[in-house]
Each structure stands twice: as structure tokens, then as C-alpha cells.
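The values are calculated or read from the model by the stated rules, or taken from the named source; none is laboratory data. Quick caveat, the model's predicted, so the values are computed rather than measured. Methodologically, a virtual Cβ is constructed for each residue, glycine included, from the backbone with ideal geometry; neighbour enumeration extends over all protein chains shown. Ligands, DNA and RNA are stripped out before the accessible areas are found, and what is left, the full protein with its side chains, is counted by its heavy atoms. Shrake-Rupley method; radii C 1.70, N 1.55, O 1.52, S 1.80 Å.
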Amino acid sequence: MTNIQSLNKRKKNVLKKIVEEYIKKAKPISSGFLAKKDFPQLSSATVRNEMFDLAKRGFLFQPHTSAGKIPTIQAFKFFLANFLSEKEISDRIKKRFLEIKNKISESRKKIKELAKELARQTKGAVIVAFDKDDYFYTGLSYLFSQPEFNNISFVHNLSEVIDHLDRVMSNIFDQIKGREIFIGEDSPFGDKCGAIFDRLEIDDKKIILGLLGPLRMDYNKNLSLMNLLKKIL
């Protein structure tokens, strides 16, 4: 893998913007689009040259001859290592989570309803493991509505993992000591998925909260929402 320190400041900024734009658009990013929107001080040719070099280094790939470029797993690892930060959550969303918390007194039911709201806000699947063999998941319809799931083989492979979720959760339950982000070959859900897990202590009992999305999910936003839920609980 290319040493990220070998990238100059401009290349790092270009790569950061490509990842951010791909997270939003779910489509290949062209040099013309990037120059116009994010780097008006640079020519399209300059941005194209930077993207060509990033592709040579393994951070980008071109899915079609005439298309723009897509960030690789290596690019997402770069982004998580250098630009992961919490986003401000709106008062409206905070209020919604608090309403659910205050409406339900029974702890297990409260956690499940909050997990459903987290799935709705992140458009991902949420997993709550109360123990190795005791888990709950929700939000698969949100997950499968993402553009990546137009690929039937991708859906099939992930469905197989979900069918064996008991084995996955049993394997990682004791491994989660705090916040963990799994992408690429590290993800138990396949290299096209990203997953954020965290450990909660509720009523002196360990609970694992997980969020599953496509590789290009909005890690900054989703991390902020998971931290909000953790604080509420």
C-alpha cells in the first residue's frame, strides 16, 4: 500500500473531495466536475493529472473508459485515518431520539425503537447484540435501497452473511471494546460494505451497537448519530 505521507497537500485535498463527493453522489467523479465545484482555482487538466496520479497509486479506479473515477478501499482508509470527524446533529433529530427514549420505559424495547430510528436516519441496517446469541436487527429495506444493491450478486452475498448473522455476532461480540470501523477485507459483511460498531454499558450489561452500510456511507454523519444514541442511552 502507498504511504499516505508521500502525498502532497493538494493530492490529499483532491482525494478527500473525491471521497466526499462519491459518498453523496454514488457515481464516478470527473475532473471537470471536481474542478468546477471544489477547486475553481485549478484547471480541469490539473485536477485530471492529480486524479491520474492518485489512480496510479491505488487510491482511485475507473469503472468505464469514459467515466470519472471512484475511490478504492485504500482511499476510504485514507479518509477515515485523516478526516473522520463528527457532524453537528440538528435539534430536530435530537428531539426525535429523546421523544422515543422518554416514551418507552422498558429498556430492551427502548433500545430496539431507538435502533429503528437510527436505521431511518442513516438509511442503513442497525444491529443490536444483547449477548453473543441474542441480537436484533432492523433497517434492511433502507440498506437494500442504496444504489450499490442494484448488483444482484452483491445482494446475494450480503444476504448470505445476514442469514448467518448469529455466527458473525458470536465471533465479534467479545472483540468490540469500543468504537470500531470495519471496511474492506476487515469487514465481516464483505468488502463492499462498511460497518461501525460500538460497545455500550446499559444497566451494568454489555451491549454491542452496529451500523451496516455501503462502503461509501457517510461515516462522519453516521458516527455522530451513533454517538448521540450512545449518550441518550
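Out of all the residues in region 61-79, which are among the charged types (D, E, K, R) and in contact (Cβ under 8 Å) with a residue 60 or more places away in the chain?
If the condition is that a residue be among the charged types (D, E, K, R) and in contact (Cβ under 8 Å) with a residue 60 or more places away in the chain, then K77 is the only one that fits.
Suppose the filter is on the phi > 0 side of the Ramachandran plot, touching a helix residue (DSSP H, G or I) at 6+ places or on another chain (Cβ under 8 Å) and of a type outside the set (D, E, K, R); does A26 pass it? Give the steps one after another, and end with the answer.
Numbers: on the phi > 0 side of the Ramachandran plot: yes; touching a helix residue (DSSP H, G or I) at 6+ places or on another chain (Cβ under 8 Å): yes; of a type outside the set (D, E, K, R): yes.
Against the criterion (on the phi > 0 side of the Ramachandran plot, touching a helix residue (DSSP H, G or I) at 6+ places or on another chain (Cβ under 8 Å) and of a type outside the set (D, E, K, R)), A26 qualifies.
Mind listing just one residue for me: the one in region 193-210 that is of a type in the set (D, E, K, R) and without any contact (Cβ under 8 Å) to a residue 40 or more places away in the chain and, of those, farthest from F149 (Cα to Cα)?
Among residues in region 193-210 that are of a type in the set (D, E, K, R) and without any contact (Cβ under 8 Å) to a residue 40 or more places away in the chain, the one farthest from F149 (Cα to Cα) is D204.
Could you tell me which of the residues R92, R108 is under 29 Å from H164 (Cβ atoms) and open to solvent by 50 Å² or more (accessible area, probe 1.4 Å)? It would help to see each step written out before you state the result.
On the way: R92 fails: under 29 Å from H164 (Cβ atoms).
The match here is R108.
Please work out if K103 is open to solvent by 70 Å² or more (accessible area, probe 1.4 Å) and not small (G, A, S).
yes
Touching a residue at least 60 places away in the same chain (Cβ under 8 Å) and under 29 Å from P63 (Cβ atoms): does that describe G190?
Here the answer is no, as G190 does not meet what is asked.
When only residues in region 57-103 that are hydroxyl-bearing (S, T, Y) and within 15 Å of the chain's Cα centre (by Cα) count, which is nearest to A115 (Cα to Cα)?
S85
When you check I152 against the structure, is it open to solvent by 40 Å² or more (accessible area, probe 1.4 Å), over 25 Å from K221 (Cα atoms) and of a type in the set (A, V, I, L, M, F, W, C), yes or no?
Here the answer is yes, as I152 does meet what is asked.
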